[in-house]
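The values are calculated or read from the model by the stated rules, or taken from the named source; none is laboratory data. As the structure is a prediction and not an experimental result, all values here were calculated from the model. Virtual Cβ from ideal backbone geometry, glycine too; neighbours counted across all protein chains shown.
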Amino acid sequence: MASSHIRPAGGLVDGKWTWAVGGFFLLMLVPRLSDIFAGWIPDADDMMRLQQVRDLLAGQSWFNVDQARMLTPEGGEMHWSRLPDLFLAGMILVVEPLLGRDAAEKLAMGLWPLILLAAAFTFFTLILRRLQVNQAGQVFGLIFFATSATVYNFWPGRIDHHGLVVVLTLAGLAAVLSPGQSQRSGAVLAFCVVAMLSVAFEALPYLAGLVAILGVFWIIRGHREGVRLAWFGLALIVFAGLFYLFDAPGMGAARHSCDAYGNSHLAGFVAGGALFVLLGVFGGALETWWTRLIAGGLAGAITLAIIIIVNPSCLADPYAAVPDAVRLSWLNMVGEAKPLTTLIAEEPGRVIWVFGFIGPAILATTAMIFTASPEQRTARIGIALLFALSVITTIWQIRGQSFSHIFAAMGAGWLAGSLFSNWRAKGGPQPLLVFVAAVLFLSPMTWERISTQVPSRLAPSKNVNCIDPDAYRGLDVGPDKRILAPIILGPSIIARTPHAAFAGPYHRNILGIERSNAVLIGPIEEAPARLRDMGATHLLFCRGLRETTRYAEMWPEGLAAQLNRDELPDWLEPADDLSETDGVVRLYRIKAD
């Protein structure tokens, strides 16, 4: 059977240097386990993920991921998958009888990201082998991956869904590049595609890219891809139904959504899967590439039309209904959602690091395609397609760097490996200098180092102090409290104390964010009444937090501005024994009217 790939000789064990590099970077992260055992949790989403697992183990329904202690008008509505919870909950259950609940939680939080990183390294290397990147290129690609922005998704404690989505994307890419074009690779690809969307909607561009790559392969190769295409379509239907039924929120009204795996996506998977089966079985009658292109285009158009018909509201701007005050006070501050234009204005150094690595990698990926043999070129075009989608996504929202950097590492690794082999073959100083210069130019470490020389235009903040685990240890005693706090500190209250918070940084709770922020940025004379109407018993504040510093700058007459000036209104009284306020988490009791 002809193939656009050349099956590499030997197995993965032949790449001893690749294994050594991967093992080295995994070991480099092991010392960070001490941070987890000291109580640090990297991100607000990781805190909420941990609390979601705790609630599951405490008896909350598998299909209910809402957070009962997030007291928003929306009811603490969340849209997260249960798939990332499986390992965490399973490991906690196994280890708890031996080490206790606290140690079991921390061990699971530390090991799960490292296991995902090991899987990501494995799939990444397999992809490079299937692209016919030489051994040196695999090693350099792995180094570039391990020193890029992507790797932060795999640090101990990063238990939210981002790392899992990266692994599923790489697994799906490895499957679609399978040299055997087997039935199994089609089924694996289908599983990855559905799982990606069920876990996180941010995977949509890469899901579409993987399906497009399979379609391009079928258009170019013809009916040689028929069996795999049919199996992919059949498996897509099966897995779409299974995830719809058995992942949260299960079958019901909650599936009528656009920001998570919903009814329209199920319809698209089922319709698209059926069309893939038909093309796979009967596509042999389409004897030219252009007839297959037309047929594939029609199948895609029909699938897209069905998705739109089932839920036309999914075409709308998801942030269109966000009130201006919430947009200014919260949405525009979400770091991972910033577009390139905002980053240039606020964090030019970050732009240099993220796009400095991407730029040379685009050149390397282009060269990788044009220097490929006809057997290799099709697969490499597939990589370029995913890379292009990820770059566009990164320009739109910087969170795309997790994918653009990993695809950049593939092309960069290929070029570094090719130049290394050229030096080894020719010898002499000139090839060596070219190789060294290229590696420095391609390496994300170079661009990160340059970026540190460009100062951020954001005001200095005490964010790290405000999420210090020690700051919350004294709050987890006494009767349950209903605490109003800055949005970003809501998850800290929920995960670190038994108390309730009134908001968190989650877009399904816009009314909760608006109501909470009205207390901090609205007229100060209205704040006591707002708090009492909400049923708040306490207010938590941390002076120097970037969020509240922004509030004070934009709304200088608000409560946040007054507290930033250390001016405590007479209807608040300290509920702790502290005296300092700068970068210190303070709890205040709301006096009775």
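From the residues in the range 29-55 that are part of a helix (DSSP H, G or I) and of a type in the set (Gly, Ala, Ser), which one is surrounded by the most Cβ atoms within 10 Å (Cβ to Cβ)? Restricting to residues being part of a helix (DSSP H, G or I) and of a type in the set (Gly, Ala, Ser), the top hit is Ala44.
What number of residues within the range 166-183 are over 14 Å from the mean Cα position of the chain (by Cα) and more than 20 Å from Ile219 (Cα to Cα)? Walk me through it before giving the result.
First, pick out the residues of the range 166-183 that are over 14 Å from the mean Cα position of the chain (by Cα): 171-183.
With more than 20 Å from Ile219 (Cα to Cα) added as a condition, the list becomes 171.
Of the residues in the range 166-183, 1 are over 14 Å from the mean Cα position of the chain (by Cα) and more than 20 Å from Ile219 (Cα to Cα).
For the residues Arg457, Arg473, the requirement of being basic (Lys, Arg), surrounded by fewer than 17 Cβ atoms within 10 Å (Cβ to Cβ) and either modelled with pLDDT of 95 or more or within 26 Å of the chain's Cα centre (by Cα) (or both) singles out Arg457.
Counting residues that are within 30 Å of Leu56 (Cβ to Cβ), which helices (runs of 4 or more DSSP H) fully inside the range 453-568 reach at least 3? Let's see the steps before the verdict.
Details: elements: 463-466, 490-496, 510-521, 527-534, 546-554, 559-564.
Hits in the range 453-568: 463-466, 490-496, 510-521.
Looking only at residues of the range 55-82 that are among the acidic types (Asp, Glu) and within 17 Å of Asp45 (Cβ to Cβ), we find that the one that is modelled with the lowest pLDDT is Glu77.
For the range 206-259, a tally of residues being among the hydroxyl-bearing types (Ser, Thr, Tyr) and either part of a helix (DSSP H, G or I) or not assigned by TED's automatic domain parsing to the domain that holds Val270 (or both) returns 2. Scanning the range 541-593 for residues that are within 18 Å of Ala527 (Cα to Cα) and either among the small types (Gly, Ala, Ser) or in contact with a His (Cβ under 7 Å, 6 or more places away or on another chain) (or both) yields a count of 9. Among the residues of the range 539-555, those identified as at pLDDT below 95 and either within 15 Å of Pro528 (Cβ to Cβ) or surrounded by fewer than 20 Cβ atoms within 10 Å (Cβ to Cβ) (or both) are Gly544, Arg546, Glu553, Met554. Apart from one condition, Asp480 fits all of (1) of a type outside the set (Gly, Ala, Ser); (2) buried (at least 20 other Cβ atoms within 10 Å of the Cβ); (3) without any contact (Cβ under 8 Å) to a residue 40 or more places away in the chain; (4) touching a His at 6+ places or on another chain (Cβ under 8 Å); the exception is (2).
The condition of being at pLDDT 95 or above, touching a Lys or Arg at 6+ places or on another chain (Cβ under 7 Å) and part of a helix (DSSP H, G or I) holds for Ser185.
For the range 315-334, taking the residues that are assigned to a helix (DSSP H, G or I) and in contact with an Asp or Glu (Cβ under 9 Å, 6 or more places away or on another chain), the one that is surrounded by the fewest Cβ atoms within 10 Å (Cβ to Cβ) is identified as Ala325.
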